[in-house]
1. Looking at the structure I just gave you, is Leu306 in a helix (DSSP H, G or I), among the hydrophobic types (A, V, I, L, M, F, W, C) and farther than 30 Å from His416 by Cβ?
2. Is there a residue being open to solvent by less than 40 Å² (accessible area, probe 1.4 Å), closer than 28 Å to Cys232 by Cα, in a strand (DSSP E or B) and free of Cβ contacts under 8 Å to residues at least 60 places away in the same chain anywhere in region 147-166?
3. Is there a residue in region 23-37 that is outside any helix (DSSP H, G or I) and modelled with pLDDT under 85?
4. It is to be established whether one or more residues within region 72-79 are surrounded by fewer than 18 Cβ atoms within 10 Å (Cβ to Cβ), touching a residue at least 60 places away in the same chain (Cβ under 8 Å) and within 16 Å of Tyr45 (Cβ to Cβ).
5. Checking Arg330 against (1) more than 30 Å from Ile163 (Cα to Cα); (2) in contact with a helix residue (DSSP H, G or I) (Cβ under 6 Å, 6 or more places away or on another chain): exactly one of these is not met. Which one?
6. Conditions first: (1) under 22 Å from Gln185 (Cβ atoms); (2) more than 60 Å from the chain's Cα centre (by Cα); (3) not β-branched (Val, Ile, Thr). Leu100 passes all but one, so which condition is the exception?
Amino acid sequence: MTMKTISLFEATSRLKDHIELWDENKFWVTAEIKSINFHPSGHIYLELIEKATKSDNTLAEARATIWRNVAGKIVSKLMLKAGIKVLLHASFNYSQRYGLSINVTDIDPTYTLGDLERRKKEIIERLTIGGLIDRNRHLSLNIPAKRIAVISSATAAGYTDFINTLNGNRYNFRFYTKLFNAVMQGDEAEESIIKALTMIPTERFDAVAIIRGGGASTDLLAFDSEALATACARFNLPIITGIGHQRDTSIVDMVAYHNAITPTAVAEYFISNMLELQNRLNEINAELSTAATIYVRQAKMHLDNLGNGMARATEMALRLYFRQTESLRREIESAAVLTFRRCKEQIVALNHRLNESAVMQCQAYRRELISLERQIELIDPKNILRKGYSLTLHKGKPINDPTQLQSGDEIQTIFHNGKIVSVVRGEN
């Protein structure tokens, strides 16, 4: 019996015909994007996968292609990236050389967004149960918050808007900012932002600003990451976010200390905090000024009252003083007259006694002076020198001990009839 054989090309051609003639070869299919390649030609190449719900095992896998003639329409509806689930309108295509693939012609973005929303709710629930959803919000923000660590892409327009708004404020407030550069969208964003957080020295800053411009919902998927949200919630500085538009509230926005929506709004938040402090200081200053004015007015009134009371008291005291002084003056005047009379009588009596005593005293002093003159005459140095004695002087002072002199000293010797000058020689 002869076996009928066909070539590989013929066999694959039959399969190709079957697929292309299959009436149900246009369908909506759900899958997860395992990987994606945006080719320079404009085509988009995907690897689709389906996993088991509980075991996470791979149930099916296929290649898919979005040709450039429809790629723009599809991407405008939903930004495609690995890890998201999609609902695609497609058909099978078979090539004898490249095998089976899926040709994508359209996409339903509501399916992907719904799946993302479901996963987002699950993450929020876990963060809430773990006590992390409000943890960062319960930190204290330094007022004023002047030292700001910024996580953003250095080339992002949102970062430029933030810096220009912050430094160009009309109040001339001054801030210190430092950029911790990170990838803000795409597959690398989650890991890059977490790494930037770990690089911030918390003791040098008052707060962290995480900023980027808005975009499609799938552009912000990194900010719905459980790992990134957990890192932000556990961070020890208040985190202020401005990572999208008002319609896009990410999980990171929810765990942050404050969600300011856009980068410009983040800058305005820090400016408003500074302005709030300045206004409060102005209010305190005004309150102190008012209180000081009232206190001075009351003190002046009190002093005026005291002054009036003191004037009245002084007037009364002076009147009493003058009355008492007049009475005392009369008493003193009367006593003075009596005292004067007594003193005058005593002075007259004393004067007689003094005259008698003075005469006797003068006679005694005269006798004593005569005796002293005789004694002085006896001890006069001239009389002593006249007897043959001499007087030795050194620098005008008498010398009575030779140890007072040294070799070379000049001395004078005084005699009754003259003096000589000598120089001391030899040892004492």
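1. Yes: the conditions hold for Leu306.
2. Checking region 147-166: not a single residue is open to solvent by less than 40 Å² (accessible area, probe 1.4 Å), closer than 28 Å to Cys232 by Cα, in a strand (DSSP E or B) and free of Cβ contacts under 8 Å to residues at least 60 places away in the same chain.
3. The answer is yes, given that some residue of region 23-37 is outside any helix (DSSP H, G or I) and modelled with pLDDT under 85.
4. No, region 72-79 contains no residue that is surrounded by fewer than 18 Cβ atoms within 10 Å (Cβ to Cβ), touching a residue at least 60 places away in the same chain (Cβ under 8 Å) and within 16 Å of Tyr45 (Cβ to Cβ).
5. Arg330 satisfies every listed condition except (2).
6. (1)
Residue-wise test of (1) more than 21 Å from Gln185 (Cα to Cα); (2) out of contact with any helix residue (DSSP H, G or I) (no Cβ under 9 Å at 6 or more places or on another chain); (3) small (Gly, Ala, Ser).
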| position | (1), (2), (3) |
| --- | --- |
| Leu48 | yes, yes, no |
| Thr53 | yes, yes, no |
| Ala62 | yes, yes, yes |
| Ile84 | no, no, no |
| Ser95 | yes, no, yes |
| Ile107 | yes, no, no |
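Yes or no, residue by residue, for (1) surrounded by 10 or more Cβ atoms within 10 Å (Cβ to Cβ); (2) in contact with a strand residue (DSSP E or B) (Cβ under 7 Å, 6 or more places away or on another chain); (3) not in a helix (DSSP H, G or I):
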residue: Ala358; (1), (2), (3): yes, no, no
residue: Gln361; (1), (2), (3): yes, no, no
residue: Tyr389; (1), (2), (3): yes, no, yes
residue: Thr392; (1), (2), (3): yes, yes, yes
residue: Asn400; (1), (2), (3): no, no, yes
residue: Arg425; (1), (2), (3): no, no, yes
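The values are calculated or read from the model by the stated rules, or taken from the named source; none is laboratory data. What you see is a predicted model, and the numbers here were worked out from it, not measured in a lab. Note: ideal-geometry Cβ built from the backbone for every residue, glycine included; neighbour counts use all protein chains shown. We work out accessible area using only protein heavy atoms, side chains counted, and drop any ligands, DNA or RNA first. Shrake-Rupley method; radii C 1.70, N 1.55, O 1.52, S 1.80 Å.
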